[in-house]
Amino acid sequence: MLVLLVAFAGGAVLTAVAGALRTDSAYPRFLEASKASDVLVAPNGSGLGGYMSAVARLPDVKMVAPVAGLDLTVLGHGSLAARASNIMAPVDGRFGHLVEVPKVLAGRLPAAGRAGEIAIDQRAAAMMGLQVGSVLTMRAVPEGQPPSAGAAGQRLLRERVTGIVVTRGSVFPVNEQDKNPTIMASPALFHRLGARYLGYSGAYVQLRPGASPEAFGHRAQSLTREFPATGGHVFVADERAQAASVEQAIRPAAIALALFALVLAITALLIVGQVATRLLATDSLNNPALAALGMTRGQLMAVGLVKVAVAGAAGAMIAVGVAVAASPLMPIGAAALAEPDPGVSADATVLAAGAAAIVAMLLTRVAWPARRLASAGARPSGAQAVTRPRSRSAARPVGIGAPVTAAVGVRLAVESGRGRSAVPVRSALAGAVLSVLAVTAALTFGANLLHLVNSPPLYGKRWDAAIDVQFATISPAAAGHQFGRLPGIAGWTYGQHGIIAIGGHVIPAIGLAAGKGPLLSPTLLQGRPPGNEKEIVLGTSTLRQIGRQVGQTVTVTVSGRTLRARIVGRAVFPNFGQGSFTPTDLGQGAETTAAVLKAQAVPYGAPPGFQFVLLSFTPGPNRPANIAIFQRSMSSFCQTIQLSTCVVTSQRPNGVTNYASIDRTPAVLAALLAVIGVAVLGQFIVVSGRRRRRDFAIFKALGMLRGQISAITAWQVSTLTGLALLAGLPLGVAAGRWSWALFAHGLGIPPGAITPIRPVLLMTLAAIVIANAVAFWPGRATARLSPAEVLRAE
């Protein structure tokens, strides 16, 4: 039984530990296997007229893989029957083969010379109901024309799906472009359609070791002067930053597995340790005889430890096999898509260290009981046994006139007893306290996580809605015409998307300009918004990256222009994302004035204006209706700029979206910990009923009824549960608030924590009820004992 318990518990812990490591490392290994790029380069205009070749000759460039975004419309798939921004084709054979190699789930990649073949990512397959062999109908739309049918120059294409793949962006989409389905065409289709159907051009670039994305961006921008077709400006997206965002999205699942493994290991150690201790106690009945034959105290102790070590080693070996057999279940979540080597996995280092730890921890757990039992067995004949003083807490119910059932139940709950009737009270109480503490901490942390997800000001959003036209622009005059007279709008602020560089780091940025009413800016944790070009506000994570604090000065590079700016504030950023470029995210981002980003924010020959507008509505019961009216009024404007919608009401950053996807994890963990706690109480009651059979038989012989015996069991379990709640609740709340404070500090969000009073009170009541429910049948079995059968030996 001990071997099986060690194998089961150890196998579960090893599976969770190995799974946590595999989950956490899945995406980095995916990037390595896919030969991922470091930066994405996209000129304002076309970069295919020699610009990409010039980029490839830069000294810090290892390889360039140019791609072309095609103006194609997907037909026959409902809401997807619109111009898709994620239909791209390699210009040559490098993309998809030498750089950014996707993971193929089914089929194969399109052949380079076959214009009628495409591959789609797993999101496109799910959303459009496609599989390998399906045919997708698309319409090629010349640049500058609306996607409606019948326009001149349009061509109908029928493309066969040859493969379903996972790209670096589809594992967990973090930017606006990756949130759309991805369709990968062949180079032959691009060459067949030509530049007339080109929507955009770009290149995925691998840098040489040690090269800086910021330095590369300077050189790439300088090259645009030699190639007028680029429009004189180039966007550079730091793919490393986006990879870090995806890793942050995956990490919560890994942390959840690690926490599960830790709590399960501690609780299992308590339970398995009790079983091993009982095994030693049973064997210790022969210790006096062995001591009389000449065995020393150390030898008696060694006998017990060797027996436990052999059982632990056998169980650990089986646990390793269990972990290997269960390894195909890992990794979990988005990491399962990224895992480059799915299936059976055997991490020799983790499994060997885990097996050794199982044996070592089990021996450590039983070392003191083995020493105590060996000492008792080696006591000289006639020596008086050491008696333990009765617990004062056990005598208090009698002193205040409590019923005898309550007095006896409390005494049995706090006194472990001696000899064959000894009960592991301390272990059971420790296990119950640990379970209550962990459940309370999980509930507290989960309540704060839910509060963050549902509180926009906490993640930086201090407005009600936004108009985001991406790479188009909206002028103040057009804005006033579109929504200036709509009911309920209290004010608005204009803004620009952008990218800046500080200290070698490429940072997503927004630039704000006053519109009507007070300036609407992200939630400030410290300082104030920037007032001119020489001031800047940064996120907490960004400040850590560049090693600066509020009040210090930094050198900021924007579109090749360098300026000195003073850090006047620290803010939390909601999601401001543009195309395939890295979006802002909680502590990651920068806020400047709109004038700083003006030169960068007018791409593709768009007229002067702003790229987004933040709006606030008058508080009151009519606010939802006013926002709905605003959304309907903007629908026609959005269509004129070829966007299905340009009104954004939710700007949850990726960091919050990541944790919103696991908002049930704390509750599930709390439920699992509660089950473990109930198991500890159940085991305690069963062991107590068996070992104290003689005591209960005497109680019945003295006249106690079955109901009184059951009441003693109820008082016993209620007392133990009450003590666990008394110690575990405050410690759990403190642990939950402390862990949330650390979590909030790491994310760069307001540090305040809430305490879930109602769930804690409900948990207290539920714990007492469940504990008594668990003890009902063991108590009933104890109440049915026959005193004659138990006491006949006397």
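The values are calculated or read from the model by the stated rules, or taken from the named source; none is laboratory data. Computed from a prediction, not measured in an experiment: that's the story for all the values here. All Cβ positions, even for glycine, are placed from backbone atoms using ideal geometry, and neighbour counts span all protein chains on display. Side chains are part of the model used for accessible areas, which takes the heavy atoms of the whole protein and leaves out ligands, DNA and RNA. Shrake-Rupley method; radii C 1.70, N 1.55, O 1.52, S 1.80 Å.
Figures for the structure shown
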item	result
Residues that are modelled with pLDDT under 90, in a strand (DSSP E or B) and open to solvent by 50 Å² or more (accessible area, probe 1.4 Å), drawn from segment 492-519	505
Single match in 346, 374, 383 (criterion: part of a helix (DSSP H, G or I), modelled with pLDDT under 95 and more than 18 Å from residue 265 (Cα to Cα))	374
Residue that is modelled with the lowest pLDDT [pool: residues in segment 135-172 that are of a type outside the set (Gly, Ala, Ser), within 28 Å of residue 334 (Cβ to Cβ) and assigned to a strand (DSSP E or B)]	136
Hits in segment 117-132 - residues which are part of a loop (DSSP other than H, G, I, E, B) and either under 15 Å from residue 88 (Cα atoms) or open to solvent by less than 40 Å² (accessible area, probe 1.4 Å) (or both)	130
Candidate set: segment 173-200, residues that are of a type in the set (A, V, I, L, M, F, W, C) and not in a strand (DSSP E or B); chosen: the one surrounded by the fewest Cβ atoms within 10 Å (Cβ to Cβ)	195
Test: residue in segment 637-654 that is farther than 30 Å from residue 334 by Cα, surrounded by fewer than 19 Cβ atoms within 10 Å (Cβ to Cβ) and at pLDDT 85 or above	yes
Residue, farthest from residue 165 (Cα to Cα), within segment 335-356, restricted to residues that are open to solvent by less than 40 Å² (accessible area, probe 1.4 Å) and of a type in the set (A, V, I, L, M, F, W, C)	355
1 or more residues basic (Lys, Arg) and touching a residue at least 12 places away in the same chain (Cβ under 8 Å): qualifying strands (runs of 3 or more DSSP E) within segment 531-594	561-571
Hey, residue 485 at pLDDT below 90, open to solvent by 20 Å² or more (accessible area, probe 1.4 Å), charged (D, E, K, R) and out of contact with any His (no Cβ under 9 Å at 6 or more places or on another chain) or not	yes
Residue satisfying condition, being in contact with a helix residue (DSSP H, G or I) (Cβ under 6 Å, 6 or more places away or on another chain), at pLDDT below 90, open to solvent by 30 Å² or more (accessible area, probe 1.4 Å) and of a type outside the set (Val, Ile, Thr), within set 443, 458	443
Residues of segment 466-491 classified as charged (D, E, K, R) and assigned to a loop (DSSP other than H, G, I, E, B), total	1
Of the criteria (1) at pLDDT 95 or above; (2) buried (at least 24 other Cβ atoms within 10 Å of the Cβ), which one residue 32 fails	(2)
Among the residues listed as 674, 753, the single one being under 30 Å from residue 244 (Cα atoms) and surrounded by fewer than 21 Cβ atoms within 10 Å (Cβ to Cβ)	753
Residue identified as modelled with pLDDT under 65 and out of contact with any strand residue (DSSP E or B) (no Cβ under 6 Å at 6 or more places or on another chain) among 397, 369, 403, 424	397
Flag if residue 263 is on the phi < 0 side of the Ramachandran plot, in a helix (DSSP H, G or I), in contact (Cβ under 8 Å) with a residue 24 or more places away in the chain and surrounded by 16 or more Cβ atoms within 10 Å (Cβ to Cβ)	yes
Residue satisfying all of: in segment 321-360; more than 29 Å from residue 103 (Cβ to Cβ) and of a type in the set (Val, Ile, Thr); nearest to the chain's Cα centre (by Cα) among these	358
Positions within segment 636-653 being hydroxyl-bearing (Ser, Thr, Tyr) and over 35 Å from the mean Cα position of the chain (by Cα), in sequence order	636, 640
Test for residue 748: is it at positive phi and crowded, with 16+ Cβ neighbours inside 10 Å	yes
Top-ranked residue of segment 520-530 - restricted to ones that are in a loop (DSSP other than H, G, I, E, B) and open to solvent by 10 Å² or more (accessible area, probe 1.4 Å), ranked as farthest from residue 459 (Cα to Cα)	530
Any hit, segment 706-728, residues being without any contact (Cβ under 8 Å) to a residue 60 or more places away in the chain, touching a helix residue (DSSP H, G or I) at 6+ places or on another chain (Cβ under 9 Å) and either under 26 Å from residue 458 (Cα atoms) or buried (at least 22 other Cβ atoms within 10 Å of the Cβ) (or both)	no
Test for residue 37: is it free of Cβ contacts under 8 Å to residues at least 12 places away in the same chain and among the polar types (S, T, N, Q)	no
Those residues of segment 633-660 which are under 29 Å from residue 452 (Cα atoms) and either part of a helix (DSSP H, G or I) or free of Cβ contacts under 8 Å to residues at least 24 places away in the same chain (or both), in sequence order	645, 650, 654, 655, 656, 657, 658, 659, 660
Within segment 217-226, tally of residues that are among the polar types (S, T, N, Q) and open to solvent by 40 Å² or more (accessible area, probe 1.4 Å)	1
Residue in segment 412-421 that is under 30 Å from residue 768 (Cβ atoms), open to solvent by 30 Å² or more (accessible area, probe 1.4 Å) and among the aliphatic types (A, V, I, L, M) present	yes
Output for segment 594-611, where each listed residue is surrounded by fewer than 24 Cβ atoms within 10 Å (Cβ to Cβ) and modelled with pLDDT of 85 or more	594, 595, 609
Matching option when the condition is out of contact with any Pro (no Cβ under 9 Å at 6 or more places or on another chain), open to solvent by less than 20 Å² (accessible area, probe 1.4 Å), of a type in the set (Val, Ile, Thr) and within 19 Å of residue 243 (Cβ to Cβ), among 39, 61	61
Boolean, residue 332 is open to solvent by 50 Å² or more (accessible area, probe 1.4 Å) and touching a residue at least 60 places away in the same chain (Cβ under 8 Å)	yes
Residue in segment 88-106 that is within 32 Å of the chain's Cα centre (by Cα) and over 30 Å from residue 209 (Cβ atoms) present	yes
Residue within segment 227-238 that is closer than 30 Å to residue 330 by Cα and either without any contact (Cβ under 8 Å) to a residue 24 or more places away in the chain or surrounded by 19 or more Cβ atoms within 10 Å (Cβ to Cβ) (or both) present	yes
